[in-house]
Amino acid sequence: MTTRSWQARAGLLPVALTGALALAACSGGGSSSSTPSGAAGKTLVIDTSFDLKTADPGRTYEPTGLIVGKATYDTLLTFEGGDVTKPVPALAESYELSSDGTTLTLKLRKDATFSDGSPVTADDVVFSLTRVRDMKGTPSFLLDGVEIAKTDDTTVTLTSKTPNPAMPFILPNPALGILNSKVAKEHGATADAGDKAEQYLNSASAGSGPYTIESFNVNSQVVLKANAKYWGAHKPAYDKVVIRNVEAATQKLNVQRGDSQVALNLSGDQVTGISGGLQVTKTASANVIFLLVNQDPSVSKTTSSLKFAEAVRKGVDYQGLLELAGEGSVQAPGVIPSMLLGALPADQVAQRDVEGAKAALKESGVTNPTVKLEYPSELTVNGLSFQPLAERIQANLKEVGITVELVPAPVTTALDNYRNGKEEVGLWYWGPDYPDPSDYLSFLPGKLVGLRAGWKAGSDKELEAAGEKAATTVGDDARKQAYQDIQKKLNAGSPFIPLIQPSQNIVTAASVTGLAFNPVWTVDVADLGAK
(Lines give C-alpha, C1' and ligand atoms only; values in the text may rest on other atoms or scores of the structure.)
Protein backbone atom coordinates (compact mmCIF):
# COMPACT_ATOMS: atom_id res chain seq x y z
CA MET A 1 0.00 0.00 0.00
CA THR A 2 1.11 3.55 -0.48
CA THR A 3 1.49 6.01 2.33
CA ARG A 4 1.08 9.67 1.45
CA SER A 5 -1.43 8.97 -1.34
CA TRP A 6 -3.95 7.31 0.98
CA GLN A 7 -3.13 9.75 3.74
CA ALA A 8 -3.87 12.68 1.47
CA ARG A 9 -7.30 11.38 0.66
CA ALA A 10 -7.94 10.20 4.22
CA GLY A 11 -6.83 13.46 5.79
CA LEU A 12 -3.98 11.75 7.58
CA LEU A 13 -1.37 14.46 7.07
CA PRO A 14 1.37 15.01 8.00
CA VAL A 15 2.63 12.25 10.26
CA ALA A 16 5.73 10.12 10.59
CA LEU A 17 4.35 6.60 10.48
CA THR A 18 6.07 4.12 12.74
CA GLY A 19 5.54 0.51 13.69
CA ALA A 20 3.80 -1.56 11.04
CA LEU A 21 3.66 1.23 8.47
CA ALA A 22 7.30 2.30 8.68
CA LEU A 23 9.83 0.81 6.33
CA ALA A 24 12.42 -1.47 7.87
CA ALA A 25 15.48 0.22 9.25
CA CYS A 26 18.57 0.11 7.10
CA SER A 27 20.73 -1.10 9.99
CA GLY A 28 20.48 -1.52 13.68
CA GLY A 29 23.92 -0.25 14.53
CA GLY A 30 24.12 3.20 13.04
CA SER A 31 27.90 2.80 13.07
CA SER A 32 30.22 5.53 11.98
CA SER A 33 30.95 3.57 8.81
CA SER A 34 27.58 4.63 7.44
CA THR A 35 28.53 8.29 7.83
CA PRO A 36 30.18 9.84 4.77
CA SER A 37 33.67 11.18 5.25
CA GLY A 38 33.97 14.94 5.75
CA ALA A 39 35.62 17.53 7.87
CA ALA A 40 35.25 16.93 11.58
CA GLY A 41 32.06 18.40 12.92
CA LYS A 42 30.75 19.07 9.41
CA THR A 43 28.57 15.99 8.92
CA LEU A 44 25.12 15.83 10.49
CA VAL A 45 23.36 12.47 10.85
CA ILE A 46 19.56 12.47 11.19
CA ASP A 47 17.71 9.26 12.04
CA THR A 48 14.05 8.97 11.08
CA SER A 49 11.53 6.28 10.11
CA PHE A 50 11.28 6.71 6.36
CA ASP A 51 8.05 7.62 4.67
CA LEU A 52 9.69 8.36 1.34
CA LYS A 53 8.91 7.71 -2.31
CA THR A 54 10.72 10.32 -4.39
CA ALA A 55 12.90 13.42 -4.38
CA ASP A 56 10.97 14.94 -7.29
CA PRO A 57 9.25 18.01 -5.80
CA GLY A 58 6.33 17.66 -8.21
CA ARG A 59 5.59 14.17 -6.90
CA THR A 60 6.64 14.19 -3.25
CA TYR A 61 4.19 14.52 -0.38
CA GLU A 62 5.61 12.10 2.16
CA PRO A 63 7.08 13.45 5.42
CA THR A 64 10.66 12.34 4.74
CA GLY A 65 10.40 13.62 1.17
CA LEU A 66 9.32 17.02 2.44
CA ILE A 67 12.41 17.18 4.70
CA VAL A 68 14.59 16.48 1.65
CA GLY A 69 12.63 18.87 -0.54
CA LYS A 70 12.87 21.72 1.95
CA ALA A 71 16.66 21.38 2.00
CA THR A 72 17.13 21.17 -1.77
CA TYR A 73 14.45 23.38 -3.32
CA ASP A 74 13.43 26.92 -2.44
CA THR A 75 9.78 27.94 -2.62
CA LEU A 76 8.21 31.30 -3.42
CA LEU A 77 7.12 31.76 0.20
CA THR A 78 8.14 30.03 3.41
CA PHE A 79 7.54 30.02 7.17
CA GLU A 80 9.95 31.20 9.85
CA GLY A 81 10.83 28.33 12.18
CA GLY A 82 7.66 26.70 13.47
CA ASP A 83 5.35 29.69 12.94
CA VAL A 84 2.85 28.68 10.24
CA THR A 85 0.45 31.56 10.90
CA LYS A 86 2.33 34.00 8.66
CA PRO A 87 3.91 33.17 5.26
CA VAL A 88 7.09 35.16 4.60
CA PRO A 89 9.07 35.88 1.40
CA ALA A 90 11.58 33.39 0.02
CA LEU A 91 12.18 33.35 -3.76
CA ALA A 92 9.45 35.98 -3.90
CA GLU A 93 10.55 39.21 -2.22
CA SER A 94 6.93 40.29 -1.71
CA TYR A 95 3.38 39.12 -2.32
CA GLU A 96 -0.09 40.65 -2.38
CA LEU A 97 -3.50 39.00 -2.33
CA SER A 98 -6.24 40.90 -4.16
CA SER A 99 -9.13 42.26 -2.11
CA ASP A 100 -11.45 39.59 -3.53
CA GLY A 101 -8.98 36.81 -2.71
CA THR A 102 -8.76 35.48 -6.27
CA THR A 103 -5.34 36.76 -7.40
CA LEU A 104 -1.99 36.40 -5.67
CA THR A 105 0.75 38.59 -7.16
CA LEU A 106 4.36 37.71 -6.36
CA LYS A 107 7.43 39.85 -7.09
CA LEU A 108 10.53 37.71 -7.51
CA ARG A 109 13.98 38.33 -6.07
CA LYS A 110 16.66 39.16 -8.64
CA ASP A 111 19.60 37.60 -6.81
CA ALA A 112 18.41 33.98 -6.39
CA THR A 113 20.35 31.33 -8.29
CA PHE A 114 20.13 27.60 -8.83
CA SER A 115 22.87 25.23 -7.72
CA ASP A 116 24.54 25.51 -11.16
CA GLY A 117 24.76 29.30 -10.75
CA SER A 118 22.03 30.20 -13.25
CA PRO A 119 19.36 32.72 -12.16
CA VAL A 120 15.89 31.75 -10.93
CA THR A 121 13.42 33.31 -13.39
CA ALA A 122 9.70 33.84 -13.71
CA ASP A 123 9.75 31.22 -16.48
CA ASP A 124 11.16 28.66 -14.02
CA VAL A 125 8.37 29.49 -11.57
CA VAL A 126 5.60 29.15 -14.16
CA PHE A 127 7.02 25.86 -15.48
CA SER A 128 7.53 24.36 -12.01
CA LEU A 129 4.07 25.16 -10.65
CA THR A 130 2.30 24.23 -13.90
CA ARG A 131 4.17 20.91 -13.83
CA VAL A 132 2.93 20.16 -10.31
CA ARG A 133 -0.65 21.03 -11.24
CA ASP A 134 -0.81 19.15 -14.55
CA MET A 135 1.47 16.16 -13.91
CA LYS A 136 -1.27 14.89 -11.56
CA GLY A 137 1.07 13.59 -8.89
CA THR A 138 0.03 13.44 -5.24
CA PRO A 139 0.54 17.18 -4.54
CA SER A 140 -1.31 18.38 -7.67
CA PHE A 141 -4.44 19.12 -5.61
CA LEU A 142 -2.58 22.01 -3.98
CA LEU A 143 -2.95 23.98 -7.23
CA ASP A 144 -6.30 22.69 -8.47
CA GLY A 145 -8.08 25.41 -10.42
CA VAL A 146 -5.14 27.85 -10.16
CA GLU A 147 -3.90 29.61 -13.29
CA ILE A 148 -0.19 30.48 -13.21
CA ALA A 149 1.09 33.33 -15.38
CA LYS A 150 4.18 35.46 -15.93
CA THR A 151 3.25 39.14 -15.91
CA ASP A 152 6.80 40.39 -16.52
CA ASP A 153 10.35 39.20 -15.92
CA THR A 154 10.00 39.52 -12.12
CA THR A 155 6.27 39.10 -11.56
CA VAL A 156 4.09 35.98 -11.40
CA THR A 157 0.35 35.81 -10.71
CA LEU A 158 -1.69 32.90 -9.38
CA THR A 159 -5.38 33.30 -10.17
CA SER A 160 -8.33 31.25 -8.91
CA LYS A 161 -11.92 31.41 -10.14
CA THR A 162 -13.18 31.65 -6.57
CA PRO A 163 -11.54 33.37 -3.58
CA ASN A 164 -8.50 31.41 -2.43
CA PRO A 165 -7.09 33.14 0.67
CA ALA A 166 -5.28 29.92 1.59
CA MET A 167 -2.84 30.23 -1.33
CA PRO A 168 -0.07 32.08 0.60
CA PHE A 169 -0.21 29.25 3.19
CA ILE A 170 0.00 26.58 0.46
CA LEU A 171 3.02 27.98 -1.42
CA PRO A 172 5.62 27.19 1.31
CA ASN A 173 5.07 23.45 0.79
CA PRO A 174 8.30 21.88 -0.53
CA ALA A 175 6.23 20.06 -3.16
CA LEU A 176 5.98 23.50 -4.78
CA GLY A 177 9.76 23.94 -4.91
CA ILE A 178 11.04 25.75 -8.00
CA LEU A 179 12.96 23.71 -10.57
CA ASN A 180 15.70 24.85 -12.91
CA SER A 181 13.42 24.37 -15.91
CA LYS A 182 16.25 24.26 -18.48
CA VAL A 183 18.07 21.46 -16.66
CA ALA A 184 14.84 19.60 -15.83
CA LYS A 185 13.63 19.71 -19.44
CA GLU A 186 16.97 18.32 -20.62
CA HIS A 187 16.21 15.29 -18.45
CA GLY A 188 12.63 14.65 -19.52
CA ALA A 189 10.60 17.19 -17.52
CA THR A 190 7.34 18.33 -19.04
CA ALA A 191 4.39 20.22 -17.61
CA ASP A 192 1.98 17.33 -18.07
CA ALA A 193 1.42 13.64 -17.30
CA GLY A 194 4.09 12.65 -19.83
CA ASP A 195 6.89 13.91 -17.56
CA LYS A 196 9.89 11.58 -17.30
CA ALA A 197 12.25 13.56 -15.06
CA GLU A 198 11.73 11.68 -11.79
CA GLN A 199 14.67 9.32 -12.23
CA TYR A 200 17.04 12.23 -12.81
CA LEU A 201 15.60 14.26 -9.91
CA ASN A 202 16.15 11.27 -7.61
CA SER A 203 19.87 11.38 -8.37
CA ALA A 204 20.60 15.09 -8.67
CA SER A 205 19.13 18.41 -7.59
CA ALA A 206 17.74 21.01 -9.95
CA GLY A 207 16.87 23.51 -7.25
CA SER A 208 18.17 26.63 -5.53
CA GLY A 209 18.16 25.30 -1.96
CA PRO A 210 21.08 25.28 0.50
CA TYR A 211 21.76 21.58 -0.10
CA THR A 212 21.93 19.28 -3.13
CA ILE A 213 21.41 15.54 -3.43
CA GLU A 214 24.56 13.39 -3.37
CA SER A 215 22.77 10.03 -3.12
CA PHE A 216 19.17 8.94 -2.68
CA ASN A 217 17.73 5.56 -1.62
CA VAL A 218 14.09 5.30 -0.53
CA ASN A 219 14.85 2.31 1.71
CA SER A 220 18.08 3.21 3.46
CA GLN A 221 19.47 6.73 3.40
CA VAL A 222 19.66 10.08 1.64
CA VAL A 223 22.92 12.04 1.58
CA LEU A 224 22.81 15.80 1.04
CA LYS A 225 25.84 18.00 0.39
CA ALA A 226 26.13 21.74 0.87
CA ASN A 227 25.32 23.86 -2.18
CA ALA A 228 28.60 25.73 -2.73
CA LYS A 229 26.75 28.33 -4.81
CA TYR A 230 23.87 28.92 -2.42
CA TRP A 231 22.57 32.44 -2.93
CA GLY A 232 21.00 32.98 0.50
CA ALA A 233 22.55 34.84 3.41
CA HIS A 234 22.18 31.84 5.72
CA LYS A 235 24.82 29.39 4.44
CA PRO A 236 24.65 25.65 5.23
CA ALA A 237 26.36 24.83 8.54
CA TYR A 238 27.26 21.26 7.53
CA ASP A 239 29.25 19.92 4.59
CA LYS A 240 27.01 16.86 4.47
CA VAL A 241 23.73 15.74 5.97
CA VAL A 242 22.88 12.04 6.15
CA ILE A 243 19.21 11.15 6.65
CA ARG A 244 18.91 7.47 7.61
CA ASN A 245 15.96 5.08 7.80
CA VAL A 246 16.07 3.74 11.37
CA GLU A 247 13.35 2.33 13.61
CA ALA A 248 12.50 4.38 16.71
CA ALA A 249 14.15 2.10 19.29
CA THR A 250 17.44 2.18 17.39
CA GLN A 251 17.15 5.94 16.87
CA LYS A 252 17.28 6.32 20.63
CA LEU A 253 20.36 4.11 20.96
CA ASN A 254 22.15 5.89 18.13
CA VAL A 255 21.64 9.40 19.43
CA GLN A 256 22.60 8.36 22.96
CA ARG A 257 25.92 6.90 21.86
CA GLY A 258 26.71 9.70 19.41
CA ASP A 259 26.25 7.75 16.17
CA SER A 260 23.64 10.31 15.14
CA GLN A 261 22.92 13.89 16.14
CA VAL A 262 19.13 14.02 15.54
CA ALA A 263 16.34 11.49 16.26
CA LEU A 264 12.93 12.46 14.89
CA ASN A 265 10.54 9.64 15.81
CA LEU A 266 10.76 8.91 19.51
CA SER A 267 7.61 8.45 21.57
CA GLY A 268 6.92 10.21 24.84
CA ASP A 269 7.96 7.09 26.73
CA GLN A 270 11.21 6.82 24.79
CA VAL A 271 12.32 10.39 25.54
CA THR A 272 11.51 10.11 29.25
CA GLY A 273 14.71 10.16 31.25
CA ILE A 274 17.03 10.82 28.32
CA SER A 275 20.23 12.42 29.63
CA GLY A 276 23.87 12.67 28.69
CA GLY A 277 23.67 16.27 27.55
CA LEU A 278 21.10 15.54 24.84
CA GLN A 279 18.44 18.14 24.01
CA VAL A 280 14.79 17.04 23.96
CA THR A 281 12.24 19.20 22.16
CA LYS A 282 8.61 18.38 22.94
CA THR A 283 6.09 20.23 20.81
CA ALA A 284 2.40 19.60 20.23
CA SER A 285 2.08 18.15 16.74
CA ALA A 286 -0.43 19.35 14.15
CA ASN A 287 -2.18 15.97 14.28
CA VAL A 288 -5.57 16.10 16.02
CA ILE A 289 -6.89 12.77 17.28
CA PHE A 290 -10.70 12.82 17.38
CA LEU A 291 -13.80 10.72 17.80
CA LEU A 292 -16.64 10.63 15.29
CA VAL A 293 -20.16 9.60 16.23
CA ASN A 294 -22.12 8.50 13.16
CA GLN A 295 -25.30 10.46 12.43
CA ASP A 296 -26.64 8.14 9.73
CA PRO A 297 -29.58 6.08 11.11
CA SER A 298 -28.91 3.37 8.53
CA VAL A 299 -25.48 2.87 10.13
CA SER A 300 -26.64 3.18 13.75
CA LYS A 301 -29.97 4.07 15.27
CA THR A 302 -28.13 4.40 18.58
CA THR A 303 -25.57 7.07 17.69
CA SER A 304 -27.55 9.06 15.12
CA SER A 305 -28.45 12.01 17.29
CA LEU A 306 -26.32 14.95 18.33
CA LYS A 307 -27.47 14.38 21.91
CA PHE A 308 -25.69 11.02 21.87
CA ALA A 309 -22.58 12.78 20.53
CA GLU A 310 -22.94 15.29 23.38
CA ALA A 311 -23.02 12.43 25.88
CA VAL A 312 -19.76 11.11 24.45
CA ARG A 313 -18.20 14.59 24.41
CA LYS A 314 -19.03 15.16 28.07
CA GLY A 315 -18.16 11.63 29.11
CA VAL A 316 -14.55 11.55 27.94
CA ASP A 317 -11.81 12.10 30.52
CA TYR A 318 -9.51 14.33 28.49
CA GLN A 319 -6.90 14.68 31.22
CA GLY A 320 -6.62 10.92 31.40
CA LEU A 321 -5.96 10.77 27.65
CA LEU A 322 -3.28 13.44 28.02
CA GLU A 323 -1.56 11.34 30.67
CA LEU A 324 -1.41 8.46 28.19
CA ALA A 325 -0.07 10.73 25.46
CA GLY A 326 2.77 12.06 27.60
CA GLU A 327 4.57 15.37 28.04
CA GLY A 328 4.34 17.85 25.20
CA SER A 329 0.87 16.68 24.17
CA VAL A 330 -2.05 19.07 24.55
CA GLN A 331 -5.81 18.77 24.62
CA ALA A 332 -7.28 19.91 21.32
CA PRO A 333 -9.81 22.73 21.89
CA GLY A 334 -11.17 22.27 18.36
CA VAL A 335 -10.48 20.43 15.11
CA ILE A 336 -7.95 23.09 14.04
CA PRO A 337 -4.59 22.44 15.76
CA SER A 338 -3.14 25.00 18.14
CA MET A 339 -0.38 26.36 15.85
CA LEU A 340 -2.67 27.28 12.93
CA LEU A 341 -4.48 30.52 12.25
CA GLY A 342 -8.03 30.23 13.59
CA ALA A 343 -7.29 27.74 16.37
CA LEU A 344 -9.36 28.12 19.51
CA PRO A 345 -7.50 29.26 22.64
CA ALA A 346 -6.52 26.58 25.15
CA ASP A 347 -9.01 27.82 27.73
CA GLN A 348 -11.89 26.67 25.51
CA VAL A 349 -11.13 22.95 25.72
CA ALA A 350 -13.98 20.59 26.64
CA GLN A 351 -14.30 19.50 30.26
CA ARG A 352 -15.51 16.16 31.55
CA ASP A 353 -19.04 16.30 32.98
CA VAL A 354 -20.31 12.83 33.85
CA GLU A 355 -23.71 14.01 35.10
CA GLY A 356 -24.14 16.19 32.03
CA ALA A 357 -23.21 13.20 29.87
CA LYS A 358 -25.82 11.03 31.58
CA ALA A 359 -28.45 13.74 31.05
CA ALA A 360 -27.57 14.06 27.34
CA LEU A 361 -27.72 10.28 26.96
CA LYS A 362 -31.20 10.26 28.50
CA GLU A 363 -32.30 13.03 26.11
CA SER A 364 -31.01 11.01 23.17
CA GLY A 365 -33.75 8.46 23.87
CA VAL A 366 -31.54 5.39 24.03
CA THR A 367 -31.12 3.24 27.12
CA ASN A 368 -28.19 0.98 28.04
CA PRO A 369 -26.61 1.42 24.60
CA THR A 370 -23.80 -0.71 23.20
CA VAL A 371 -21.70 0.76 20.39
CA LYS A 372 -18.70 -0.37 18.38
CA LEU A 373 -15.58 1.80 18.42
CA GLU A 374 -13.43 1.22 15.34
CA TYR A 375 -9.81 2.35 14.91
CA PRO A 376 -6.65 1.30 13.03
CA SER A 377 -4.79 -1.26 15.10
CA GLU A 378 -1.21 -0.90 13.85
CA LEU A 379 -1.14 2.84 13.20
CA THR A 380 0.83 5.08 15.53
CA VAL A 381 0.69 8.87 15.51
CA ASN A 382 3.85 10.55 16.83
CA GLY A 383 4.68 7.26 18.54
CA LEU A 384 1.24 7.01 20.16
CA SER A 385 -0.87 3.90 19.58
CA PHE A 386 -4.67 4.10 19.33
CA GLN A 387 -5.19 1.01 21.50
CA PRO A 388 -4.61 2.55 24.96
CA LEU A 389 -6.66 5.59 23.98
CA ALA A 390 -9.55 3.36 22.90
CA GLU A 391 -9.37 1.37 26.13
CA ARG A 392 -9.45 4.55 28.21
CA ILE A 393 -12.42 5.92 26.24
CA GLN A 394 -14.20 2.58 26.73
CA ALA A 395 -13.76 2.86 30.52
CA ASN A 396 -14.80 6.55 30.52
CA LEU A 397 -18.06 5.93 28.68
CA LYS A 398 -18.94 2.92 30.82
CA GLU A 399 -19.27 5.36 33.73
CA VAL A 400 -21.82 7.30 31.67
CA GLY A 401 -23.87 4.21 30.82
CA ILE A 402 -22.51 3.53 27.34
CA THR A 403 -21.01 0.10 26.68
CA VAL A 404 -18.22 0.32 24.11
CA GLU A 405 -17.09 -2.71 22.12
CA LEU A 406 -13.55 -2.20 20.80
CA VAL A 407 -13.09 -3.15 17.14
CA PRO A 408 -9.46 -2.63 16.10
CA ALA A 409 -8.68 -3.50 12.48
CA PRO A 410 -5.74 -3.35 10.07
CA VAL A 411 -5.45 0.16 8.69
CA THR A 412 -6.66 -0.78 5.21
CA THR A 413 -9.85 -2.35 6.62
CA ALA A 414 -10.46 0.44 9.12
CA LEU A 415 -9.78 3.04 6.47
CA ASP A 416 -12.39 1.58 4.12
CA ASN A 417 -15.09 1.76 6.80
CA TYR A 418 -14.00 5.28 7.76
CA ARG A 419 -13.98 6.57 4.19
CA ASN A 420 -17.33 4.97 3.42
CA GLY A 421 -19.04 6.34 6.52
CA LYS A 422 -19.75 2.90 7.98
CA GLU A 423 -18.24 3.29 11.45
CA GLU A 424 -20.66 3.59 14.35
CA VAL A 425 -18.02 5.37 16.41
CA GLY A 426 -14.55 5.97 15.01
CA LEU A 427 -11.20 7.00 16.51
CA TRP A 428 -8.99 8.73 13.93
CA TYR A 429 -6.69 11.66 13.41
CA TRP A 430 -6.43 14.53 10.95
CA GLY A 431 -3.27 16.36 9.98
CA PRO A 432 -3.35 19.41 7.71
CA ASP A 433 -2.89 18.98 3.96
CA TYR A 434 -1.57 22.53 4.26
CA PRO A 435 -1.40 24.77 7.34
CA ASP A 436 -4.52 26.80 6.70
CA PRO A 437 -7.86 26.62 8.53
CA SER A 438 -9.78 26.19 5.27
CA ASP A 439 -8.51 22.59 5.21
CA TYR A 440 -10.80 21.93 8.20
CA LEU A 441 -14.01 22.86 6.40
CA SER A 442 -13.94 19.14 5.54
CA PHE A 443 -15.56 18.54 8.96
CA LEU A 444 -18.77 20.37 8.00
CA PRO A 445 -22.02 18.66 6.90
CA GLY A 446 -21.84 17.28 3.37
CA LYS A 447 -18.05 17.66 3.21
CA LEU A 448 -15.36 14.95 3.14
CA VAL A 449 -15.08 14.14 6.85
CA GLY A 450 -18.63 15.23 7.65
CA LEU A 451 -19.93 12.53 5.32
CA ARG A 452 -17.68 9.96 6.99
CA ALA A 453 -19.67 10.68 10.15
CA GLY A 454 -23.00 10.40 8.27
CA TRP A 455 -23.48 14.17 8.53
CA LYS A 456 -25.23 15.02 5.30
CA ALA A 457 -25.53 18.42 3.63
CA GLY A 458 -28.47 20.33 5.07
CA SER A 459 -27.98 18.91 8.57
CA ASP A 460 -26.93 22.32 9.92
CA LYS A 461 -27.64 25.06 7.39
CA GLU A 462 -26.40 27.85 9.65
CA LEU A 463 -23.03 26.13 10.11
CA GLU A 464 -22.79 25.31 6.40
CA ALA A 465 -23.43 28.95 5.51
CA ALA A 466 -20.73 30.00 7.98
CA GLY A 467 -18.33 27.61 6.27
CA GLU A 468 -19.08 29.01 2.83
CA LYS A 469 -18.48 32.53 4.12
CA ALA A 470 -15.24 31.59 5.88
CA ALA A 471 -13.87 29.97 2.71
CA THR A 472 -14.03 33.33 0.90
CA THR A 473 -13.12 35.64 3.79
CA VAL A 474 -9.92 37.65 3.24
CA GLY A 475 -7.66 39.09 5.95
CA ASP A 476 -6.02 37.28 8.87
CA ASP A 477 -8.12 38.85 11.63
CA ALA A 478 -11.42 38.21 9.87
CA ARG A 479 -10.42 34.66 8.96
CA LYS A 480 -9.26 33.91 12.50
CA GLN A 481 -12.64 34.99 13.90
CA ALA A 482 -14.62 33.13 11.24
CA TYR A 483 -12.86 29.82 11.89
CA GLN A 484 -13.02 30.16 15.65
CA ASP A 485 -16.78 30.74 15.37
CA ILE A 486 -17.13 27.61 13.23
CA GLN A 487 -15.28 25.51 15.78
CA LYS A 488 -17.43 26.83 18.61
CA LYS A 489 -20.47 25.68 16.64
CA LEU A 490 -18.86 22.29 16.01
CA ASN A 491 -18.10 21.88 19.70
CA ALA A 492 -21.65 22.85 20.64
CA GLY A 493 -23.33 20.35 18.34
CA SER A 494 -21.57 18.05 15.87
CA PRO A 495 -20.55 14.39 15.48
CA PHE A 496 -16.90 15.25 16.20
CA ILE A 497 -15.08 15.25 19.53
CA PRO A 498 -11.52 16.65 19.30
CA LEU A 499 -9.34 14.86 21.85
CA ILE A 500 -5.60 15.55 21.83
CA GLN A 501 -2.63 16.71 19.79
CA PRO A 502 0.15 14.21 20.57
CA SER A 503 3.66 15.51 21.10
CA GLN A 504 6.29 15.63 18.38
CA ASN A 505 9.47 14.63 20.22
CA ILE A 506 12.85 15.45 18.69
CA VAL A 507 16.15 14.60 20.37
CA THR A 508 19.34 16.34 19.32
CA ALA A 509 22.96 16.28 20.38
CA ALA A 510 24.16 19.19 22.50
CA SER A 511 26.14 20.45 19.49
CA VAL A 512 23.04 21.00 17.32
CA THR A 513 21.42 24.44 17.31
CA GLY A 514 18.48 26.07 15.55
CA LEU A 515 15.95 23.26 15.81
CA ALA A 516 12.29 24.26 15.35
CA PHE A 517 9.53 21.74 14.65
CA ASN A 518 7.42 22.70 11.64
CA PRO A 519 4.17 20.83 10.90
CA VAL A 520 4.78 20.95 7.14
CA TRP A 521 8.40 19.78 6.79
CA THR A 522 9.12 18.56 10.35
CA VAL A 523 12.59 20.13 10.48
CA ASP A 524 14.42 22.58 8.22
CA VAL A 525 17.87 21.05 7.79
CA ALA A 526 19.24 24.42 6.67
CA ASP A 527 18.29 25.99 10.01
CA LEU A 528 20.35 23.46 11.95
CA GLY A 529 23.68 24.82 13.11
CA ALA A 530 26.63 23.50 15.07
CA LYS A 531 28.32 24.79 18.18
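The values are calculated or read from the model by the stated rules, or taken from the named source; none is laboratory data. Given the structure is predicted, the values throughout are model-derived calculations rather than measurements. FYI the Cβ positions are ideal-geometry reconstructions off the backbone, even for glycines, and counts take in every protein chain you see. Only protein heavy atoms, including side chains, enter the accessible area calculation; ligands, DNA and RNA are left aside. Shrake-Rupley method; radii C 1.70, N 1.55, O 1.52, S 1.80 Å.
Results for (1) at pLDDT 95 or above; (2) in contact with a Gly (Cβ under 8 Å, 6 or more places away or on another chain); (3) over 25 Å from residue 103 (Cα atoms), shown as yes or no for each residue.
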position	(1), (2), (3)
452	yes, yes, yes
457	yes, yes, yes
470	yes, no, no
482	yes, yes, no
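Within the set 497, 506, the sole residue that is under 30 Å from residue 273 (Cα atoms), in contact with a Phe, Trp or Tyr (Cβ under 8 Å, 6 or more places away or on another chain) and hydrophobic (A, V, I, L, M, F, W, C) turns out to be 506. In the range 467-477, the condition of being under 24 Å from residue 307 (Cβ atoms) and either in contact with a Lys or Arg (Cβ under 9 Å, 6 or more places away or on another chain) or open to solvent by 10 Å² or more (accessible area, probe 1.4 Å) (or both) is met by at least one residue. Being in a helix (DSSP H, G or I), open to solvent by 40 Å² or more (accessible area, probe 1.4 Å) and of a type in the set (A, V, I, L, M, F, W, C) is the filter here, so list the residues in the range 266-309 that pass it. Matches in the range 266-309: 306 only. Among (1) over 30 Å from residue 163 (Cβ atoms); (2) modelled with pLDDT of 95 or more; (3) crowded, with 23+ Cβ neighbours inside 10 Å, where does residue 50 come up short? Here residue 50 meets the rest and fails (2).
State whether one or more residues within the range 321-331 are closer than 30 Å to residue 478 by Cβ, in contact with a helix residue (DSSP H, G or I) (Cβ under 8 Å, 6 or more places away or on another chain) and buried (at least 16 other Cβ atoms within 10 Å of the Cβ). Scanning the range 321-331, I find at least one residue that is closer than 30 Å to residue 478 by Cβ, in contact with a helix residue (DSSP H, G or I) (Cβ under 8 Å, 6 or more places away or on another chain) and buried (at least 16 other Cβ atoms within 10 Å of the Cβ), so the answer is yes. Screening 108, 91 for residues that are of a type in the set (A, V, I, L, M) and more than 27 Å from the chain's Cα centre (by Cα) leaves exactly one candidate, 108.
Only residues that are of a type in the set (A, V, I, L, M), open to solvent by 20 Å² or more (accessible area, probe 1.4 Å) and not in a loop (DSSP other than H, G, I, E, B) were counted across the range 516-531, and they come to 1. Of the set (1) crowded, with 23+ Cβ neighbours inside 10 Å; (2) of a type outside the set (Gly, Ala, Ser); (3) closer than 21 Å to residue 285 by Cβ, all apply to residue 444 but (3).
In a residue-by-residue description of the range 443-463, the property of being in contact with a Leu (Cβ under 7 Å, 6 or more places away or on another chain) and acidic (Asp, Glu) applies to no position. Residues that are touching a residue at least 40 places away in the same chain (Cβ under 8 Å) and of a type in the set (Lys, Arg) were ranked within the range 367-421; the one that is least open to solvent (accessible area, probe 1.4 Å) is 392. Could we say that residue 225 is more than 22 Å from residue 74 (Cβ to Cβ) and not aliphatic (A, V, I, L, M) here? No; evaluated as a whole, the condition is false for this residue. Residues of the range 67-80 that are touching a residue at least 24 places away in the same chain (Cβ under 8 Å) and touching a strand residue (DSSP E or B) at 6+ places or on another chain (Cβ under 7 Å): 67, 68, 71, 72, 76, 77, 78, 79.
Residues are listed down the side, and each one gets a yes or a no for (1) under 23 Å from residue 142 (Cβ atoms); (2) not in a loop (DSSP other than H, G, I, E, B):
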| position | (1), (2) |
| --- | --- |
| 157 | yes, yes |
| 164 | yes, no |
| 178 | yes, no |
| 188 | yes, no |
| 205 | yes, no |
| 225 | no, yes |
| 228 | no, no |
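Among the listed residues 204, 226, identify the single one that is open to solvent by less than 50 Å² (accessible area, probe 1.4 Å), within 27 Å of the chain's Cα centre (by Cα) and free of Cβ contacts under 8 Å to residues at least 12 places away in the same chain. From the options 204, 226, the qualifying one is 204.
For the range 78-133, the tally of residues that are more than 18 Å from residue 57 (Cα to Cα) and of a type in the set (Val, Ile, Thr) stands at 6.
Regarding the range 127-147, can at least one residue be identified that is open to solvent by 20 Å² or more (accessible area, probe 1.4 Å), of a type in the set (S, T, N, Q) and in a strand (DSSP E or B)? The answer is no, given that none of the residues of the range 127-147 is open to solvent by 20 Å² or more (accessible area, probe 1.4 Å), of a type in the set (S, T, N, Q) and in a strand (DSSP E or B). State all residues of the range 92-126 that are open to solvent by 40 Å² or more (accessible area, probe 1.4 Å) and either part of a helix (DSSP H, G or I) or touching a helix residue (DSSP H, G or I) at 6+ places or on another chain (Cβ under 9 Å) (or both); if no residue qualifies, say none. Listed by number, the residues that qualify are 95, 97, 100, 116, 121, 123. The residues of the range 343-354 that are assigned to a loop (DSSP other than H, G, I, E, B) and farther than 15 Å from residue 431 by Cα, listed by number, are 344, 345, 349, 350, 351, 352, 353.
When each of 312, 335 is tested for being modelled with pLDDT of 95 or more, among the β-branched types (Val, Ile, Thr), part of a loop (DSSP other than H, G, I, E, B) and touching a strand residue (DSSP E or B) at 6+ places or on another chain (Cβ under 7 Å), the lone residue that passes is 335.
On the stretch given as the range 488-504, residues that are in a loop (DSSP other than H, G, I, E, B) and under 21 Å from residue 324 (Cα atoms) total 1. The set of residues from the range 75-89 being open to solvent by 20 Å² or more (accessible area, probe 1.4 Å) and part of a loop (DSSP other than H, G, I, E, B) comprises 81, 82. For the range 337-364, a residue qualifies if it is open to solvent by 70 Å² or more (accessible area, probe 1.4 Å) and of a type in the set (A, V, I, L, M), and exactly one does: 346. Here the condition is being open to solvent by 30 Å² or more (accessible area, probe 1.4 Å) and modelled with pLDDT of 95 or more; of 154, 162, it holds for 154 alone.
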